[in-house]
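Peer 1: Quick one: structure below, then a few questions.
The values are calculated or read from the model by the stated rules, or taken from the named source; none is laboratory data. Computed from a predicted model, the values in this text were never measured in an experiment. Cβ atoms come from the backbone with ideal geometry, glycine included; neighbour counts cover every protein chain shown. The protein model used for the area step is the full one, side chains on, heavy atoms only, and it has no ligands, DNA or RNA in it. Shrake-Rupley method; radii C 1.70, N 1.55, O 1.52, S 1.80 Å.
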Amino acid sequence: MAPARLTPSQTVGPFFGPALVRSELEQMVDAETRGARIAITGRIFDGDGAAVPDAMVEVWQANAEGRYDHPEDRQEKLLDPHFHGFGRFGTDQHGRFRIVTIKPGAVPGPRMTLQAPHLNLSIFARGLLNRVVTRIYFPGEPLNQTDAALNAVPADRRATLIAAIDSAGASDSYRFDIFLQGDRETVFFDI
Amino acid sequence: MYGSARYRREPIGTHPPLDSPAYASTSKRAPRCAPVRIEQSLSEITGPRPCVTVAPAEADLTRWAGDAAMGERIIVAGRVLDEDGRAIAHTLIEIWQANAAGRYRHDHDRHDAPLDPHFSGVGRTIAGANGAYRFMTIKPGAYPWGNHHNAWRPQHIHLSVFGPALATRLVTQMYFPGDPLLALDPIFNSVPDGAARARLVAAFDPELTEPGHALGYRFDIVLRGRAATPAVG
């Protein structure tokens, strides 16, 4: 096989909605999915604090046991036929998105560590020439202290990766705003 | 706990820098802090495989709402490969594009070119076991945009591809050979490396061309390959 050279990324642009944002891809759980239901709402902001209404958030996460529905995950944990771990959400005119899913279990990390429960996010938007990648962690998780990715982040920026309990919602409601730029810029990862 | 090889780091100059001043929309949206490099874990070497049922008709954009779309029919085909030239099998490919007049079927497209009642501009397919894919579509038109005075986007088709892992996810745009607007386009030219930029331009391919029906363009999509040494635990 001849080596091949990587295809460069280009922006998703402003007109991806009809092609990519589909109701079937927003449904991460059904009535029989195992695990604690959670809702995460948030808004995406630009460097002026203006809402980003033409962005898309993709979620990739493990199931409630802490296993990814993927052949590379060979852990002896249960797969859930009612959960595949992927969801895709467009932002509305206020830059808002809403993820309804289950809280993931802990998955293994580098060098025999255990990662704290997290959702992996890819964010696409007009004006982003490549996706940006971040993670949503949960408040009060003991594993947050030892999580390898969180610990790679300067301590004063870690809070941008931890969802807030949404006081306006139920106890299983979280808030996670994403700041592409500015004083509260979210931490993005180079994976 | 897992013994699979991680994905190679992406070569410098292949992907555009997020802060590319010639593309004005990057100025308020490109993060200012460098991304934090993390070791790939199970979270990155696994990735989504959307469970969607795709009808064969979704790879043919030349008919919609009961009749034929206007414009020049073209075939866009190629293979999804990794950097070692290995086929990436059964991955979802989603495309979207303007119609022949340069207009998207989208509420926010204010260009006064006509909509085509028989063109949605949206297609999907799943690559075969050998990574091969094929769309039949209409050659998109160029269109003006507000980036700078008299700015026009070159003819292009947007593509979204998953590949096997979170690390391989790619959204890109395919361009056409010989388009004079390429030299002027800040999005195309945001790719620093000239050879990498050239890989965004499809090749006219007589072999793909169907006699009496449609010209063929070849566009291979190459995603990240795996490092030679397996990661341990």
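Peer 1: Before I look further, what does the protein assembly as shown give for accessible area per residue, probe 1.4 Å, in whole square angstrom?
Peer 2: Working: 17340 Å² over 424 residues.
It amounts to 41 Å² per residue over the protein assembly as shown.
Peer 1: Is any residue of the range B:34-70 close enough, with backbone N under 18 Å, to a label point placed 7 angstrom from the Cα of A:R111 along the Cα-Cβ axis, and if so, which?
Peer 2: Answer for the range B:34-70: B:37-43.
Peer 1: Assuming 0.36 nm per residue, please report the length gained on full extension of the stretch B:N189 to B:N130 beyond their Cα-Cα distance.
Peer 2: Working: separation 59, 0.36 × 59 = 21.24 nm, distance 3.12 nm.
Full extension from B:N189 to B:N130 adds 18.1 nm.
Peer 1: Of all chymotrypsin sites (Phe, Trp or Tyr not before Pro) in the range B:16-98, which ones are in loop regions per DSSP and have a Cβ with at most 16 other Cβ atoms within 10 Å?
Peer 2: Those that pass, being in a loop and sparsely packed, number zero.
Peer 1: Heavy atoms of the protein only, probe of 1.4 Å, neighbouring chains included. What is the accessible area of B:S25 in Å², nearest 10?
Peer 2: Roughly 30 Å² of B:S25 is accessible to a 1.4 Å probe.
Peer 1: Tell me, what % of the accessible area of chain B is carbon and sulfur with a 1.4 angstrom probe?
Peer 2: Working: 5560 of 9760 Å².
Carbon and sulfur: 57 percent of the exposed surface of chain B.
Peer 1: Once the Cβ-Cβ distance between B:H108 and A:L78 is put in as r, and R0 is 45 Å, what FRET efficiency do you end up with, to the nearest 0.05? Before the final figure, lay out the partial values.
Peer 2: Values: r = 44 Å, r/R0 = 0.97.
E between B:H108 and A:L78, to the nearest 0.05, is 0.55.
Peer 1: What percent does the relative contact order of chain B come to when contacts are Cα pairs within less than 8 Å and at least six residues apart?
Peer 2: 29 percent
Peer 1: Which residues belonging to the range A:82-107 lose at least 10 Å² of 1.4 Å-probe accessible area when the assembly is complete, relative to their chain isolated?
Peer 2: By number: A:H84, A:F86, A:R88.
Peer 1: Could you state how much accessible area is buried at the B-A interface, both sides summed, with a 1.4 Å probe, in Å² to the nearest 100?
Peer 2: That pair hides around 6800 Å² of surface in total.
Peer 1: Grab the beta carbon distance between B:A228 and B:A68, set R0 = 45 Å, and tell me the FRET efficiency rounded to 0.05.
Peer 2: In this case the efficiency is close to 0.35.
Peer 1: Next up: May I ask what percent, to the nearest 5, of DSSP beta bridges between residues of the protein assembly as shown are antiparallel?
Peer 2: Values: 62 of 79 bridges.
Of those bridges, close to 80 percent are antiparallel.
Peer 1: Something else about it: Rounded if a/c is under 1.5, else prolate if a/b beats b/c, else oblate: with a ≥ b ≥ c from the C-alpha gyration tensor eigenvalues square-rooted, which is the protein assembly as shown?
Peer 2: Prolate.
Peer 1: Per DSSP H run of n ≥ 4, the term is -39500 (n - 2.57); total these for the protein assembly as shown, divide by its residue number, and report the mean residue ellipticity at 222 nm rounded to 500 deg cm²/dmol.
Peer 2: Counting only the DSSP helices, I get -1000 deg cm²/dmol.
Peer 1: With r defined as the distance between the Cβ atoms of A:S167 and A:A51 and R0 fixed at 25 Å, what FRET efficiency is calculated, to the nearest 0.05?
Peer 2: Values: r = 21 Å, r/R0 = 0.85.
That gives a FRET efficiency of 0.70.
Peer 1: If you don't mind, there's one more thing I want to ask. Loop only by DSSP, 11 or fewer other Cβ within 10 Å of the Cβ. Give me the trypsin sites (Lys or Arg not before Pro) in the range B:53-110 that pass, ordered by residue number. Write down the numbers at each step before the final one.
Peer 2: On the way: sites: B:R63, B:R73, B:R79, B:R86, B:R103, B:R105, B:R110; in loops: B:R86, B:R103, B:R105, B:R110.
Loop-located and lightly packed - B:R110.
Peer 1: Once you order the gyration tensor axes a ≥ b ≥ c over the Cα atoms, which shape class does chain B get: rounded for a/c under 1.5, otherwise prolate or oblate by comparing a/b with b/c?
Peer 2: On the way: a/c = 1.89, a/b = 1.31, b/c = 1.44.
It comes out oblate by the Cα gyration axes.
Peer 1: What percent do you get for the relative contact order of chain A when only Cα pairs under 8 Å and 6+ apart count?
Peer 2: Result for chain A is 26 percent.
Peer 1: Can you list the GluC sites (Glu not before Pro) in the range A:50-98 that are in a DSSP coil and have 12 or fewer other beta carbons within 10 angstrom?
Peer 2: A:E76
Peer 1: Using a/c under 1.5 as the rounded threshold, could you call chain A rounded, prolate or oblate? The axes a ≥ b ≥ c are square roots of the C-alpha gyration tensor eigenvalues, and prolate needs a/b larger than b/c, oblate otherwise.
Peer 2: In terms of gyration-tensor shape, rounded.
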